[in-house]
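Novice: Got a structure here, written out as structure tokens. Questions coming.
The values are calculated or read from the model by the stated rules, or taken from the named source; none is laboratory data. Since the structure is predicted, the reported quantities are computational estimates derived from the model, not experimental observations. So basically every Cβ, Gly included, is an ideal-geometry build from the backbone, and we count neighbours across all protein chains shown.
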Amino acid sequence: MSKKKSTPTKKAAPAKSGGKGKPEAKKPINKAPAKPAPKKAAAKPVKKSAPKPVKQAAKPAPKKAAAKPVKKPAPKPVKQAAKSAPKKAASAKTPAKPAAKAPAKPAPKPALAPVKAAPAKPAPTPIKAPPQVKAPASKPAPASTAKPVAKPTSKPSPAAAAPVPAAVVSAPEPKPAAPAKSTLKAPPPGPTKSGALFYDSHMHTPLCKHAWGEPEEYAQQAIKAGLKGIIFTCHAPMPNGFWPTVRMSESEFEIYISIVQRAAEAYKNKLHVCLGIESEWFPGQEDYIRTLHERADFDYVLGAVHWQAKEYLAKFESGTIENFRRIYFDNLAKSAESGLYDCLAHPDLVKNYHPDSWCFAIIKNTVSTCLDRIAATGVAMELNTSGLNKSYSEMNPGNEMLRMMAERKIPIVVGSDAHRAQRVGEHFTTALNNLIEAGYQEVCYFQKRQRIDLKISDVLASLKKAADHNA
């Protein structure tokens, strides 16, 4: 068959084809089946070859149907079709035939290959699983939608709406803090019907291994104290067994979120229960801490430097007592400069290190430098009322340091650091009066990691009004 075609077509093919590539031959094949083509073929010796291209054209029968409308155009298309006919012959002799058949068969194969590859990607599913870890808390998302504070809250909430229950225990990484966002979202600023306006921003749960009482008990006490809301800030897990006897373990992190969520649901429309964390600062652990903060949608992240940790003592306890205290304040400033925290807890806690020798005048210059550095970051500091229950019986910080903070306009938060339910809101009136004496006019709390400032005079009035209303 190939020999017969070769005699007339070999010469004609190169001349007419010119510089056109083989892939273009496919298009003329569609036009070749046009009926006008055989007319010119009769005049030329191509008659023998005409039946053969007809057979080839018969295969793409559906294309001929499309070519029928070509009859209307002038004989110009006919000439083009005639020219294309020899091209077919030339392509038949050359490896064009296998080329034409080969592309047709392989073309579907590559298409199939990508299709199979796409479903074969099972990796994304495990990636999605970790975000679902936080989703368990997200079921109560409808409650959270009320808050206009943070745009991210709305984005994770849909993710939380996904099938959440099974994934809670398994995945540790993702940002699906959405659960916390949805349930623990804050109502708009302003007093409640009872007149409550303020929050206690520091308290614990039994997961820290040195606190007593369920979150619901803390919530009930907060109502009695005339508070609008509370923020749980239990001690965060740490890697490599860092001081494990005073904090939740990694495996308890999701439990922590769930019990705060449980209290939020139980006291819905009575008290605003929020999710926070007291997060340890220790040099070299910044990456772990940063990742931890992304695992839930916290309202508030409280940074803490605990000199009591054996790891801290092993690293920094050297030289004199005063030198150890200077190192503590330097680390306190570094924690603010890390950008990891909203506020710094009990900022002069180190006065309980050999409390009988504490003298603020000796350490004042070091504290001044530390406060300058903290003020430059915009991070808030805490007035912690539990200092009255410690070995050095004074709030953290003391009044002199508090005045230095007010001079630098460092935002101030009040927290009870309650480890027992009955201490929620404890000494708040005294603390607020101390702030006024130190030069503060405003006090703040955090929602969705955004600071909310209130006039101290309004807070004092609200505490009395709400407490009387709830008595």
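Novice: For the range 437-471, give me the residue count where each residue is at pLDDT 95 or above and part of a loop (DSSP other than H, G, I, E, B).
Specialist: Adding up the residues that qualify gives 5.
Novice: Being under 20 Å from Ala333 (Cα atoms), hydroxyl-bearing (Ser, Thr, Tyr) and surrounded by fewer than 18 Cβ atoms within 10 Å (Cβ to Cβ) is the filter here; which residues of the range 348-363 pass it?
Specialist: If the condition is that a residue be under 20 Å from Ala333 (Cα atoms), hydroxyl-bearing (Ser, Thr, Tyr) and surrounded by fewer than 18 Cβ atoms within 10 Å (Cβ to Cβ), then no residue fits.
Novice: So is Trp212 in contact (Cβ under 8 Å) with a residue 12 or more places away in the chain, surrounded by 15 or more Cβ atoms within 10 Å (Cβ to Cβ) and aromatic (Phe, Trp, Tyr) or not?
Specialist: Working: in contact (Cβ under 8 Å) with a residue 12 or more places away in the chain: yes; surrounded by 15 or more Cβ atoms within 10 Å (Cβ to Cβ): no; aromatic (Phe, Trp, Tyr): yes.
Spelling it out, it is not the case that Trp212 is in contact (Cβ under 8 Å) with a residue 12 or more places away in the chain, surrounded by 15 or more Cβ atoms within 10 Å (Cβ to Cβ) and aromatic (Phe, Trp, Tyr).
Novice: Report, by residue number, each residue of the range 252-275 that is in a strand (DSSP E or B) and not hydrophobic (A, V, I, L, M, F, W, C). Before the answer, list the steps.
Specialist: Looking only at the range 252-275, we keep the residues that are in a strand (DSSP E or B), and these are 272-275.
Of everything in the range 252-275, just one residue is in a strand (DSSP E or B) and not hydrophobic (A, V, I, L, M, F, W, C), namely His272.
Novice: Mind checking which pairs have a first residue in the range 425-445 that is small (Gly, Ala, Ser) and a second that is assigned to a loop (DSSP other than H, G, I, E, B), Cβ under 7 Å, 6 or more apart or different chains?
Specialist: From residues that are small (Gly, Ala, Ser), the pairs are Gly425/Ala225; Gly425/Leu227; Gly425/Ser416; Ala431/Met395.
Novice: Let me ask something else about it. In the list Ile289, Ile327, which residue meets the criterion of being of a type in the set (Val, Ile, Thr) and more than 17 Å from Met238 (Cβ to Cβ)?
Specialist: Values: Ile289 fails: more than 17 Å from Met238 (Cβ to Cβ).
One residue alone meets the criteria, Ile327.
Novice: Return the pairs, sorted by first residue and then second, in which the second residue is of a type in the set (Ser, Thr, Tyr) and part of a helix (DSSP H, G or I), the first residue lies in the range 242-270 and is over 21 Å from Ala196 (Cβ atoms), the beta carbons are less than 7 Å apart, and the residues are 6+ apart or on different chains.
Specialist: Met248/Tyr256; Gln261/Thr183
Novice: Take the range 294-336 and flag every residue that is within 31 Å of the chain's Cα centre (by Cα), within 11 Å of Phe282 (Cα to Cα) and in a helix (DSSP H, G or I).
Specialist: Of everything in the range 294-336, those that are within 31 Å of the chain's Cα centre (by Cα), within 11 Å of Phe282 (Cα to Cα) and in a helix (DSSP H, G or I) turn out to be Glu311, Tyr312, Asn331, Leu332, Lys334, Ser335.
Novice: Confirm whether Asn331 is at negative phi, touching a Ser or Thr at 6+ places or on another chain (Cβ under 7 Å) and surrounded by 14 or more Cβ atoms within 10 Å (Cβ to Cβ). Outline the logic, then answer.
Specialist: On the way: at negative phi: yes; touching a Ser or Thr at 6+ places or on another chain (Cβ under 7 Å): no; surrounded by 14 or more Cβ atoms within 10 Å (Cβ to Cβ): yes.
Answer is no for this residue.
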